[in-house]
1. Run through the range 92-141 and list the GluC sites (Glu not before Pro) located in a DSSP loop whose Cβ has at most 11 other Cβ atoms within 10 Å.
2. Straight-line reach from residue 63: which aspartates and glutamates have Cα under 20 Å away, leaving out those fewer than 8 places along the same chain?
3. Under a Cβ-Cβ cut-off of 12 Å, what is the net charge of the residues other than residue 100 that fall near it, where Lys and Arg count +1 and Asp and Glu count -1?
4. Tell me, what is the per residue accessible area of the range 43-141 in Å², probe radius 1.4 Å?
5. Tally up the carbon and sulfur contribution to the accessible surface of the range 29-141 as a whole percent, 1.4 Å probe, everything protein left in place.
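The values are calculated or read from the model by the stated rules, or taken from the named source; none is laboratory data. As the structure is a prediction and not an experimental result, all values here were calculated from the model. Glycine also receives a Cβ, built like all others from the backbone with ideal geometry; neighbour counts cover every protein chain displayed. Note: accessible area is taken over every heavy atom of the protein model, side chains too, but ligands, DNA and RNA are not part of it. Shrake-Rupley method; radii C 1.70, N 1.55, O 1.52, S 1.80 Å.
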Amino acid sequence: MKKQFFPKKRWMIWMLAVVWLTRFAAGCGVEKTDNRKLEDLSYTILEDKEVPQEFLAIIEERKEQIFKLTYLDEENLYIAVGYGVQQTGGYSISINECYHTQNAIYFDTTLIGPSKGEQVNEAKSYPYLVIKTKNLEKNVV
């Protein structure tokens, strides 16, 4: 009869260990995500001459590929989005949303191609956009 009790006891210990490890692992790195919009962020669209030189150099290195970058100074957050190399000119970028939630800043854009029949430069272009907003010390999504 002891042989039957020992496997049950071992099984119980194993189950308790699994429950304990599961609870411990679930507590590591878990952050509540609240995606509710708190408010729209005010921002300024920057020309190249207004972008910090260090950030502009990084953009220049990455402009041939699609990119999403951020840069911080003492009080401002700079967000850049680029759409890589395009075969012609005539592209623009539309900002769909720029708002913050409890945990993050959400920034969404769309690349707009040239209209049919529009006269475009036949040289390659590298459309990107840089905005400046206040630094809220949140991740950018």
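1. Working: sites: 97, 118, 122, 137; in loops: 118, 122, 137.
Hits after loop and neighbour filter: 118, 122, 137.
2. Reachable aspartates and glutamates: 47, 48, 50, 54, 108, 122.
3. Taking every Cβ under 12 Å from that of residue 100, the sum is -1.
4. 62
5. In the range 29-141, the share of accessible area belonging to carbon and sulfur is 44 percent.
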